[in-house]
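Take a look at the structure set out below.
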Amino acid sequence: MNSKNIFSVVKENDVFVLYFTTEFIDSIGCIWAFVPQETKKLTTGKLFANIESSRKLVPLKSPVSGTIVSWNSKFLEYPDKIVSSEFLLRVVQ
């Protein structure tokens, strides 16, 4: 699965906001764990997190390069609450 099927990226001023696509959320089943890498810098195509679900383990590769300015802390604490309508993280280039 490529990052275009996993992420929706919206540009708000100078910030890229990443969301999971509904297609991706529906395809992976119940999410048990969301484990981000310990980094603030993202590089397009490089691993930045993993998701473990009832159906598969998914390595997440960044669709953008830049610096992470915020995570959706709810998703970090409660991965089973991840939905496509709420942002995952915000990135500046």
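Readers should treat all values here as calculations from the given coordinates under stated rules, not as data from a laboratory. Since this is a predicted model, take the numbers as computed values, not measurements. Methodologically, a virtual Cβ is constructed for each residue, glycine included, from the backbone with ideal geometry; neighbour enumeration extends over all protein chains shown.
Magnitude of the charge dipole for the range 16-89, about its Cα centre and with charges confined to Cβ atoms of Lys, Arg (+1) and Asp, Glu (-1), is about 260 debye. Based on DSSP H segments of at least four residues, each scored -39500 (n - 2.57), the chain has a per-residue ellipticity at 222 nm of -3500 deg cm²/dmol. Derived scalar couplings between HN and Hα for the range 70-78 equal 6, 10, 7, 4, 4, 5, 5, 7, 10 Hz in order, rounded to whole Hz, by the Karplus curve 6.51 cos²θ - 1.76 cosθ + 1.60 (θ = phi - 60°), x for Gly and Pro. The simple spin-label model puts a point 7 Å past each Cα toward its Cβ; for E23 and V92 those points are separated by 3.2 nm. Between C30, N5, G45, the Cα set farthest toward the positive side of the dipole of the chain (charges on each charged residue's Cβ, about the Cα centre) is that of G45.
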